Each structure stands twice: as structure tokens, then as C-alpha cells.
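Novice: My structure is below; once you've seen it, I'll send some questions.
The values are calculated or read from the model by the stated rules, or taken from the named source; none is laboratory data. Small disclaimer: the values here were computed from a predicted structure and weren't measured. Cβ coordinates were reconstructed from backbone atoms using ideal geometry, including for glycine residues, and neighbour counts include every protein chain displayed. Note: areas computed on protein heavy atoms with side chains; ligands, DNA, RNA excluded. Shrake-Rupley method; radii C 1.70, N 1.55, O 1.52, S 1.80 Å.
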Amino acid sequence: MIESSEVVRVADQEADAACIALWAVAVAARDDLPEDPAVRRRAAAKFAAERVALVVAPGELRPRGFALVTAPGSGGPEGPQDAAYLSLLAVDPDAQGAGTGRALLTAAVEAARAAGYPRCVLHALEDNAPALRLYRSAGFVPVGAPFPHALNGRPTRSYLA
């Protein structure tokens with residue numbers, strides 16, 4: 001099990017716009033590319049799915065990070081029906097390495113369990129080594145064959161815990 005001293009809290013829909021903006025910044029930094037409006041649109045669509053929980057690490061001007069958990073099947077029809085979908089998890093590039101992602105992941109899984117989902121599923125890019133280390137340390141294991149990411153085509157895999 002993973003633990004962190006980072007403070008996170010459950011958020012409501014008022015935080016959605018700030019989280020979507022943070023997602024766009026984090027993806028651009030991860031990929032070393034300019035922000036892409038398609039990334040924001042895809043994130044907004046994920047925020048429109050049936051929500052299980054949104055947890056945030058508050059910051060001064062915007063969240064330092066967030067994790068969005070949505071209902072089973074919102075990540076694709078192949079997902080287990082008893083597994084909430086960890087749809088998005090992002091940490092501000094300037095705040096990475098301080099335990100924020102770990103705290104968010106822990107809180108997201110706990111929120112899913114509290115909502116009645118004994119398992120969580122997520123999709124991760126196969127070349128995103130920092131994220132894969134975090135997910136594996138939390139007990140997520142790869143399931144199924146890799147598939148192309150919807151926006152960038154990079155190999156992506158489902159992970160289940």
C-alpha cells in the first residue's frame with residue numbers, strides 16, 4: 001500500500017475547469033509539446049462522464065494536482081463492471097516529486113471503495129515510466145494487450161487494482 005503526507009480533499013464540480021486546465025499543462029509538459037486544444041476537449045468529456053469522485057491537492061492559484069474517478073465502463077466497454085475508472089490523474093509539473101500523485105492515487109482508490117467499487121481500472125501510456133512506477137507501487141497490474149491512445153496513438157495499457 002502507498003502512503004503520503006500530502007493533503008488532498010474531495011472537490012465538487014466548481015473545480016472542473018481548473019483541473020482541465022491543469023491536465024492540459026501536465027500533458028504538454030509530459031510530452032514536451034505545446035498545449036493542444038484536443039487534450040482539453042478530451043479531458044472535458046471525461047469530466048462529463050458519471051462521476052464517482054474528484055479529489056484535489058489544493059494550491060494557491062490552481063490545484064497542485066487532481067484525480068478524477070468515473071463510473072465503470074466510462075473508460076471503455078471492456079472494463080470490469082465492479083471497477084471504477086481512474087479517468088485522469090495529474091500533478092502540476094512544478095509540484096512533481098513531492099508525493100502529490102501518491103496522495104491523490106490513494107485518495108482516489110479510497111473514494112472508489114467508499115462508493116462501493118472494490119477495484120479500480122486505469123489506462124496508462126506504456127512509455128510513461130514515472131506513472132507506471134506509481135501505479136505498480138499501489139498494486140495496479142497490467143491487464144490485456146496494449147492499444148493505441150485515442151489522441152496520440154502511443155501504446156497504452158489497462159491496469160487493474
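Novice: Which pairs have Cβ atoms under 7 Å, sit 6 or more apart or on different chains, and link a residue in segment 9-35 that is touching a residue at least 12 places away in the same chain (Cβ under 8 Å) to one that is part of a helix (DSSP H, G or I) and open to solvent by 50 Å² or more (accessible area, probe 1.4 Å)?
Specialist: 20/40; 24/40
Novice: Looking at 51, 9, which one is farther than 18 Å from residue 92 by Cβ and either at pLDDT 95 or above or touching a helix residue (DSSP H, G or I) at 6+ places or on another chain (Cβ under 9 Å) (or both)? Outline the logic, then answer.
Specialist: Details: 9 fails: farther than 18 Å from residue 92 by Cβ.
After applying the criteria, what remains is 51.
Novice: Same structure again: So residue 64 ticks every box in (1) crowded, with 23+ Cβ neighbours inside 10 Å; (2) free of Cβ contacts under 8 Å to residues at least 12 places away in the same chain; (3) charged (D, E, K, R) but one. Which box is left unticked?
Specialist: Just one mismatch for residue 64, condition (2).
Novice: Residue under question is residue 105, and the condition is that it be in a strand (DSSP E or B), within 28 Å of residue 58 (Cα to Cα) and touching a helix residue (DSSP H, G or I) at 6+ places or on another chain (Cβ under 9 Å); does it hold?
Specialist: Spelling it out, it is not the case that residue 105 is in a strand (DSSP E or B), within 28 Å of residue 58 (Cα to Cα) and touching a helix residue (DSSP H, G or I) at 6+ places or on another chain (Cβ under 9 Å).
Novice: So, in segment 28-61, how many residues would count as being open to solvent by 60 Å² or more (accessible area, probe 1.4 Å), farther than 17 Å from residue 14 by Cβ and part of a loop (DSSP other than H, G, I, E, B)? First the steps, then the outcome.
Specialist: Kept after step one, since they are open to solvent by 60 Å² or more (accessible area, probe 1.4 Å), are these residues of segment 28-61: 30, 32-37, 40-42, 45, 48, 50-51, 60-61.
Now drop any that are not farther than 17 Å from residue 14 by Cβ, which leaves 30, 32-37, 40-42, 45, 50.
When the remaining residues are screened for being part of a loop (DSSP other than H, G, I, E, B), the result is 32-36, 50.
Matching residues across segment 28-61 total 6.
Novice: Any idea which of 97, 101, 73, 116 is small (Gly, Ala, Ser) and open to solvent by less than 20 Å² (accessible area, probe 1.4 Å)? So that I can check it myself, show each step before the final result.
Specialist: Details: 97 fails: open to solvent by less than 20 Å² (accessible area, probe 1.4 Å); 73 fails: open to solvent by less than 20 Å² (accessible area, probe 1.4 Å); 116 fails: open to solvent by less than 20 Å² (accessible area, probe 1.4 Å).
Of the residues listed, the single one that is small (Gly, Ala, Ser) and open to solvent by less than 20 Å² (accessible area, probe 1.4 Å) is 101.
Novice: Can you pull out the residues in segment 119-130 that are out of contact with any helix residue (DSSP H, G or I) (no Cβ under 6 Å at 6 or more places or on another chain) and open to solvent by less than 20 Å² (accessible area, probe 1.4 Å)?
Specialist: Correct list: 121, 122, 125.
Novice: Going through 80, 142, 146 one at a time, which residue ends up being open to solvent by 20 Å² or more (accessible area, probe 1.4 Å) and outside any strand (DSSP E or B)?
Specialist: Of the residues listed, the single one that is open to solvent by 20 Å² or more (accessible area, probe 1.4 Å) and outside any strand (DSSP E or B) is 80.
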